[in-house]
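Working notes for the structure below.
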Amino acid sequence: MRNESPSRIVVRAPNWIGDAVMCEPALRGLRALFPKAEITLLAKPAIAELFIAYPGIDRRLVYNDRGVHAGLSGKWTLAGLLRRHRFDLAVLFQNAFEAALIAWLAGIRRRYGYVTDGRAFLLTDPVARPDRETLVHQVHYYWDLLKPLGLTGAPPVPALAVSADEVNAMNDRLSEAGVGREDLLVGINPGSTYGSAKRWLPERYAEAALRVCRRIEQQQGRSVSVVILGAKGEEELGYSVAERLTVRSTVLSGRTNIRELMAVTKRCTLLLTNDTGPMHLAAAFAVPVVAVFGPTDWKTTAPYRQKASIVRQPVDCAPCLLRECPIDHRCMTGVTVDMVDEAAAKQLGQDDRLSAIGHQPPGPHHHGPLQGVTVFLDRDGTLNPDPGYIGSPDQFELFPDVADALARLTRAGARLVVVTNQSGVGRGLFSSGDLDRVHEKLRRLVGAAGASLAGIYVCPHRPDEQCHCRKPETGLVEQAVRELGVDLSRSYLIGDHAKDIELARRVGAKSVWLTTSEHGAGARMDQRNSAAAVASSFGEAVTWIMADAVVLEQGRSDGQGHS
């Protein structure tokens, strides 16, 4: 199919918000497979709204199954609409028989999807569904559908975007409710349109939120407000939580459209939630989440790569996937306020929103073999792909092996410090606040894997400003030495650019030159700035450092023993 290079593709999106968010990485994958194709998203109204201005698609078509497309005649009308667009490929992420039937009625030549719901005979390119015994996360479920088309690698974390106008409009609305623009915001999503079995107790949500607000106020000395979210029909539930709170709160249950829900979710410092769509929205905006799971399977629908966000009470009958509990709801009543509060404390401790700009104290104390060792890290091209200037969290993703490799260093006791040139600030391409939000996401992604960054040091200047902090100048490292007490004789630097290697030489750190970017291609040829090692992946670089550091630390210990 890839050799045929379809020019007009229609994608049938999933019907639920959470599923649509988990499908987003696959949309990016489809665009990567067919970069020149015109891609149209066919989705129900709420999902179509979710993907307004989404860069991976060219057009949205709304499937209004409660209006013009209701009933058999409505399906025929929709098929006629699709027929006029002359699509040559339909990719069906939605599993229902109906999705394949409409694509068949529309005369779309190639119809591609999982063999589900008895629809195999309607598909020209059926794909076997993953074995039910092999549980996979829903992000992988959608991503893997495209593997027969040539998609490779692991899916990235879902990411969404809202416009500055949408953010400002929501901030104005919150201000009218008494929530200041500088206030920190704790979100609560106590409902679930799927059914009551997924709902934690409202009085416990209120108590947990109060504890979280007190902790944030003590840490920051800033005002904290609560916003309660929910769908239409959940207004009464929202007010039942609000009336138990003793801090400023506003109830938006049933009073937001999808775009507004996205904007307010993005504003949150933390979201307390059940297993619902807003949980996935928050995760897509790199907002820390504490999610209470009961009857649903956390292994398949938890926020992707955020195992630390899950709170659950293991019981024999879960996951049952029932909408209503037929017995005593033990999977939810067994989850205590203390459990949620503990998870919230961990999530907040991993989040840069509650830390000083630039750096924060080291994370949990580790007594591993690399205790006292510092690893300096370049950012663009080393930790993440370098598409140019990154001024928004939506543009930022780690290389696949980075988070786990950093977690290895953290567990071994090493201290991790990012040093990065970001002249986009000095050039006016984005603000320092925009950069802070990118680094919030960086901390969030590595924190979810169990890694901790002791500091992020930034040079915001243009190259022509001749500052002392722009690499390979040593100002950033010198600042880290002053503030963090770094011992440079026990330090390393991982980077993809000759400037990083030169910086390491100037400060006396050992360097590992990555070949993960176009800059890194010169690593094996550049003799002037020779590195201690050259690595083809970040994980390989970390493996070398850990082996080298253990040898050096052993030699240091032996030397002390003979002195």
*asked:* Can you find a residue that is in the same structural domain as residue 174 (by TED's automatic domain parsing), of a type in the set (Asp, Glu) and at pLDDT below 85 anywhere in the stretch 307-318?
replied: yes
*Just to be sure, is residue 427 without any contact (Cβ under 8 Å) to a residue 40 or more places away in the chain and surrounded by fewer than 24 Cβ atoms within 10 Å (Cβ to Cβ)?*
yes
_I'd like the full set of residues that are touching a helix residue (DSSP H, G or I) at 6+ places or on another chain (Cβ under 6 Å), in a loop (DSSP other than H, G, I, E, B) and hydrophobic (A, V, I, L, M, F, W, C), limited to the stretch 146-168._
146, 151, 159, 160, 161, 162
*Kindly indicate which of 487, 464 is within 20 Å of residue 548 (Cβ to Cβ) and assigned by TED's automatic domain parsing to the domain that holds residue 415.*
487
*Can you name every residue in the stretch 116-140 that is touching a helix residue (DSSP H, G or I) at 6+ places or on another chain (Cβ under 8 Å), surrounded by fewer than 17 Cβ atoms within 10 Å (Cβ to Cβ) and hydrophobic (A, V, I, L, M, F, W, C)?*
135, 136
*State all residues of the stretch 11-51 that are closer than 19 Å to residue 279 by Cβ, over 19 Å from the mean Cα position of the chain (by Cα) and of a type in the set (D, E, K, R); if no residue qualifies, say none.*
49
*Working carefully through the options 221, 191, 195, 180, find the one that is in contact with an Asp or Glu (Cβ under 6 Å, 6 or more places away or on another chain), in the same structural domain as residue 332 (by TED's automatic domain parsing) and either within 24 Å of residue 441 (Cα to Cα) or modelled with pLDDT under 85 (or both).*
195
*Among the residues of the stretch 485-514, write down those that are of a type in the set (A, V, I, L, M, F, W, C) and either crowded, with 17+ Cβ neighbours inside 10 Å or touching a Pro at 6+ places or on another chain (Cβ under 7 Å) (or both).*
486, 493, 494, 498, 501, 503, 504, 507, 509, 512, 513, 514
*Only residues that are in contact with a strand residue (DSSP E or B) (Cβ under 7 Å, 6 or more places away or on another chain) and either among the hydrophobic types (A, V, I, L, M, F, W, C) or closer than 20 Å to residue 341 by Cβ (or both): list them for the stretch 249-274, please.*
249, 251, 252, 264, 268, 269, 270, 271, 272, 273, 274
*Taking the stretch 62-76 on its own, how many of its residues are buried (at least 17 other Cβ atoms within 10 Å of the Cβ) and modelled with pLDDT under 90?*
0
*Counting only residues that are touching a Ser or Thr at 6+ places or on another chain (Cβ under 8 Å) and of a type outside the set (D, E, K, R), which one in the stretch 18-55 is surrounded by the most Cβ atoms within 10 Å (Cβ to Cβ)?*
22
*Counting only residues that are over 20 Å from residue 279 (Cα atoms) and in contact (Cβ under 8 Å) with a residue 24 or more places away in the chain, how many does the stretch 212-242 have?*
8
*When you look at residue 91, is it among the β-branched types (Val, Ile, Thr), surrounded by 15 or more Cβ atoms within 10 Å (Cβ to Cβ) and under 24 Å from the mean Cα position of the chain (by Cα), yes or no?*
no
*Hey, which of the helices (runs of 4 or more DSSP H) in the stretch 255-352, taking only ones fully inside, have at least 2 residues that are within 21 Å of residue 445 (Cα to Cα) and touching a residue at least 24 places away in the same chain (Cβ under 8 Å)?*
258-267, 277-284, 298-301, 337-349
*Report yes if residue 520 is surrounded by 12 or more Cβ atoms within 10 Å (Cβ to Cβ) and modelled with pLDDT under 85, otherwise no.*
yes
_In the stretch 413-424, the residues that are at pLDDT below 90 and either of a type in the set (A, V, I, L, M, F, W, C) or outside the structural domain of residue 481 (by TED's automatic domain parsing) (or both)_ = none
*Please specify each residue of the stretch 386-412 satisfying the condition of being among the hydrophobic types (A, V, I, L, M, F, W, C), touching a Lys or Arg at 6+ places or on another chain (Cβ under 6 Å) and modelled with pLDDT under 90.*
none
*asked:* Quick check on my filter: what residues within the stretch 29-38 are over 10 Å from residue 57 (Cβ atoms) and of a type outside the set (Phe, Trp, Tyr)?
replied: 29, 32, 33, 35, 36, 37
*Restricting attention to the stretch 446-469, and to residues there that are aliphatic (A, V, I, L, M) and either touching a Leu at 6+ places or on another chain (Cβ under 9 Å) or surrounded by fewer than 20 Cβ atoms within 10 Å (Cβ to Cβ) (or both), which single residue is modelled with the lowest pLDDT?*
449
*List the number of the failed condition for residue 160; all other conditions in (1) within 24 Å of the chain's Cα centre (by Cα); (2) free of Cβ contacts under 8 Å to residues at least 60 places away in the same chain hold.*
(2)
*Given the structure, is residue 46 more than 21 Å from residue 29 (Cα to Cα) and touching a strand residue (DSSP E or B) at 6+ places or on another chain (Cβ under 9 Å)?*
no
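The values are calculated or read from the model by the stated rules, or taken from the named source; none is laboratory data. Model, not experiment: these values are computed from the prediction. Methodologically, a virtual Cβ is constructed for each residue, glycine included, from the backbone with ideal geometry; neighbour enumeration extends over all protein chains shown.
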